[in-house]
Every structure is written in C-alpha cells, then in structure tokens.
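Just below is one structure, and these are the notes that go with it.
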Amino acid sequence: MMWKESYRLGVDRIDEQHIELFRMTEELIRAIDSHASAEAYQKALKFLKDYVVYHFADEEQYQASIGYAGREEHQKEHREFTRTVFDYERKLKANGYDLATLKDLAGMLTAWLIYHVADTDQKMVAREKAVYGQKHFGRCVELFSESAAEVMETMAGFDRSSIRLRTVHNHQMQGDVFVEIELVGEVTGKAVFGFSKELALYLVNTMTMMELTEIDELVQSALCELTNISCGNAASELAQRRISCDIRPPVTCDGTSCGTGVNGVCVDTAAGGLEVVVLVDHEPSL
C-alpha cells in the first residue's frame, strides 16, 4: 500500500482523508495497469475530483481553527492542484481517456500527493521548528541539486547521509530521462535534471509500491513533478535571499539542450544517479 504510517499527522479526520486519497491513487494506477474500461476511469476521476475539493476545504478549516501561519501559501498549493486535476479531466474527456494521459495524471498525482502529505502538511502540526543557519551555496546549481536531494529523501525514504553530491566541470550531461524547467525573473535560464533509468524506476516504484520496469508516461510524469517540487523549493530559497526566480512547468527533453562541456552536479545514490545542470544568463550572488 502507498500509505505509510509516517505520513500520519495525528489529526484523525485529516489522516483518514489522506489514507483515502492514497487508496484512490493506488486504485487508479492499478486500473491503468490492468487497462480498465473508460467508465472505470470516469468514475475514479469524478471521485478524485470531488474528494479533493472536499478534503482541501476540511483541511483549510482545520488550519483556520489552529491559526496556522502558513495557511495562505498552503491554500495556494491546494488551488493550483485543484486546477491541475480539472485540467486533466478536460483533457481526458476530449481525447477519450487515452492511456498516455491517464498515466501522466497518475504520475503527477503520486508525486504531488506524497510530497504534500509527507512534507507540506506536516508543517501544520509541527510544535517546534528547528532553526538552522542559512545554507551557503556558491552557485545556483548547488542550491538546485541540494533541493533535489532533500526532495528525494522525503519522497523515497533515502538516508540523506547516503546521498553524495559532487561537482563536475566541462562535462557531457548523462541520463536516461531528462526534465527541463525554464527559470524567469532575476534569474533567467533553465535547470535540467538527468535521471538514470535505475534511479527513475526506483523512485517511482518506491512511491507507487509497484514493480514498473520501463520508462513510460507515468514514470516521466512523476519525475516531472519531483523536478517541479525541487525547483519550486529552490526558487523559494532564492526568494528568502531577496532574489526573484519563478519557474515554468517542467517538460521532458532529450538532454542535448545543455550542449557540451557544461558544469553541473552529480547526485549519487545507491539506487542510481541524477545529474543537475543550471544554465543562467547571470549567476546571482548567493
């Protein structure tokens, strides 16, 4: 089962709703895997859409009742995700519930839900927040790769001490799945993430509790959302340093857009590697 007891907040009604969301997501993935009928997908999507609206309203009511300071930002995430689900519903209706779009939805949903429940929602019930000194980075690529390592730790249960980051120079970027995100604002350019097939499958198999063996639309979509979260966190870190940086939606690419001889960071794990390259017009002072 995708749900883990470590996700529990200790607020019974919210925890039960989270368990139901995980159950629904797992059910959708298994329906896709078994090539269920369009009617089954329609029913699952309607239930998901209605339940997300109900759950978010209940969660936000709870936030108001405890005077949660991060309520506005949290609600923004809820609104954006709700729009995304409705967009998928429109696309699926328009193209006859095709398998590629269904897998795309399932991958995004899996990654978003796990990170939101395992990280974002946990902040609602944190009684004490450890205060750490601001991390120091020499270049944007170090910030973005560190953010990716932290997200993988949260979503796939990596021991952070087992993840090694090493800088490479004049390097030809390697990977089996590449995801690119455009950066705009004071920091303009792009971030490119190259996942090895081994790591890509490990991450998604760990999240879905399934045994996927090939890189399909579900895997690509989950990696896009993981990259989106990583870059979003990095952009928030830049904002704390009074550096404006917005991100555009992630897209898969072939990895050649970086060119040759680039500088980047290799994120080494026991489950495979990730390479991160950040190409900006002007490197900000971090």
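Derivation of every value follows stated rules applied to the coordinates shown; laboratory data play no part. Quick caveat, the model's predicted, so the values are computed rather than measured. All Cβ positions, even for glycine, are placed from backbone atoms using ideal geometry, and neighbour counts span all protein chains on display.
With the simple spin-label model, which puts each label point 7 Å out from Cα in the Cβ direction, the Asp50 to Ser257 separation comes to 4.0 nm. As a proxy for reagent exposure, Met1, Met207 were ordered by neighbouring Cβ count within 10 angstrom, fewest first; the result is Met1, Met207.
For the residue pairs Lys49/Lys135; Lys46/Lys76; Lys76/Lys103; Lys103/Lys190, the alpha carbons lie more than 28 Å apart in Lys49/Lys135. Less than 19 Å apart at the alpha-carbon level, and either on another chain or at least 8 residues along: which aspartates and glutamates does that give for Lys91? The reachable aspartates and glutamates, counting only those whose Cα sits under 19 Å from Lys91, are Glu39, Asp50, Glu80, Asp104, Asp216, Glu217, Glu225.
Stretched out fully, how many nm does the piece from Ala64 to Arg241 gain, at 0.36 nm a residue minus the Cα gap?
So the extension gain works out to 60.8 nm.
Here the extension length gained between Leu286 and Val168 equals 40.5 nm, from 0.36 nm per residue of separation less the Cα-Cα distance. Taking the chain as the reference, fit the longest principal axis to its C-alpha atoms, fit the long axis of helix 12-33 to the helix C-alpha atoms, and give the angle between the two in degrees, 0 to 90, nearest 10. The two axes meet at around 80 degrees.
The equivalent ellipsoid of the range 5-125 has semi-axes of 27, 15, 11 Å, largest first, where each one is the square root of 5 times an eigenvalue of the Cα gyration tensor.
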